[in-house]
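Reviewing the structure listed below.
The values are calculated or read from the model by the stated rules, or taken from the named source; none is laboratory data. This structure is a prediction, so every number in the text was calculated from the model and none was measured. Here the Cβ positions follow ideal geometry from the backbone for every residue, glycine too, while neighbour counts run over all protein chains shown.
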Ligand SMILES: *Cc1c(COP(=O)(O)O)cnc(C)c1O
């Protein structure tokens, strides 16, 4: 079978290796791993990597993705990774065992929805320790937990926080200690055990392995470090993981020798930008069937070290292939590695075919 382009090839076995390595590192520090699947839309080729790695939960930011997780029947509890919209309460308690929350009204709606169907919904109360995304400010946490502790349809599992996402704030020991102190205080006031402390995402791993993360932090929610093998503080390779886990494959639709500088009077490009060009002389240029609609060219690194991604318009990705390893023709495939942001847009783009790398 000729496989379509553009396509995203997911190496299930390699991601499983990464998860296994990270779960090992986390276990040494008493930390459970919630595997975060959103960047690949909980694709079955990713979900197939989860069994036997030791992850304790599957977490995703979208209910539609969690429905895919439910269909895969992994036997793992599910976590909705963002505060649900109140009007989705009924659906949330159906598809997610637990969710991240910061608003009383939403938790009231979740409690009612859970009671209606005779189940209990788990809640992690989110605390904003400085990144300015979701979570209540520390001075309001104990109040909020007290107010929610009576809601009959909910199990308040504990507290959580998220850093390095919106504000780029680095997880540090003092941020984590603040979270632990708040848990202890909320637990004292409400009498709830609040056993779970979900300390953050991939960006917490450096703090954890340094031994400086408080021992009470017992869960991390891990996406990028496992799926792309990256330390998300600086994008270096994360120890023990591999980076060749997903590839974006595109097809050459034109292959021509052209100068590297546009010829003629110049104005703006299709996106209102005035682009600077590097003069490398006459070069062999491949136009590929991928564009900004699918992924930003800045988010792509060619697998062939001789290839240079020059840029893209909506539907044409232009690559300088002069120094490439193999001889290309129109119809040849070119492979690229996406960043996390690139992977997110490509995997959520309807025109990009998502597949297991082993599928033929
Ligand atoms: C996306 C997300 C994660 C995972 O982040 P990574 O950097 O991919 O590990 C964890 N927690 C929350 C709340 C998220 O939205």
Checklist entry - Condition test on residue 147, is it touching a strand residue (DSSP E or B) at 6+ places or on another chain (Cβ under 6 Å) and touching a residue at least 40 places away in the same chain (Cβ under 8 Å)? => result no
Checklist entry - Which ones in the stretch 160-179 are assigned to a helix (DSSP H, G or I) and surrounded by fewer than 17 Cβ atoms within 10 Å (Cβ to Cβ)? => result 173, 174, 177
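Yes or no, residue by residue, for (1) at pLDDT below 95; (2) buried (at least 21 other Cβ atoms within 10 Å of the Cβ); (3) under 20 Å from residue 193 (Cα atoms); (4) within 24 Å of the chain's Cα centre (by Cα):
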| residue | (1), (2), (3), (4) |
| --- | --- |
| 80 | no, yes, no, yes |
| 89 | no, yes, no, yes |
| 96 | no, yes, no, yes |
| 99 | no, yes, yes, yes |
| 114 | no, yes, no, no |
| 120 | no, no, yes, no |
| 127 | no, yes, yes, yes |
Item to check | Selection within the stretch 92-144 - at positive phi and touching a residue at least 12 places away in the same chain (Cβ under 8 Å) | outcome: 130, 132, 135
Item to check | Scan of the stretch 112-139 for residues that are within 16 Å of the ligand (Cβ to nearest atom) and either in contact with a helix residue (DSSP H, G or I) (Cβ under 8 Å, 6 or more places away or on another chain) or part of a helix (DSSP H, G or I) (or both), ordered by number | outcome: 123, 125, 127, 128, 129, 130, 136
Checklist entry - Hey, which of the strands (runs of 3 or more DSSP E) in the stretch 1-77, taking only ones fully inside, have at least 3 residues that are away from the ligand (no atom under 16 Å from the Cβ) and more than 24 Å from residue 122 (Cβ to Cβ)? => result 7-10
Checklist entry - Out of all the residues in the stretch 181-214, which are within 22 Å of residue 229 (Cβ to Cβ) and part of a helix (DSSP H, G or I)? => result 202, 203, 204, 205, 206, 207, 208, 209
Next on the checklist: For the list (1) in contact (Cβ under 8 Å) with a residue 40 or more places away in the chain; (2) buried (at least 18 other Cβ atoms within 10 Å of the Cβ); (3) closer than 30 Å to residue 47 by Cβ; (4) touching a helix residue (DSSP H, G or I) at 6+ places or on another chain (Cβ under 7 Å), I need the number of the one condition that residue 157 fails.
Outcome noted: (4)
Item to check | Which listed residue, of 230, 257, 280, 235, is exposed (fewer than 11 other Cβ atoms within 10 Å of the Cβ) and in contact (Cβ under 8 Å) with a residue 24 or more places away in the chain | outcome: 257
Item to check | Residue among 334, 308 that alone is under 21 Å from residue 280 (Cβ atoms), away from the ligand (no atom under 16 Å from the Cβ), without any contact (Cβ under 8 Å) to a residue 60 or more places away in the chain and outside the structural domain of residue 224 (by the TED database) | outcome: 308
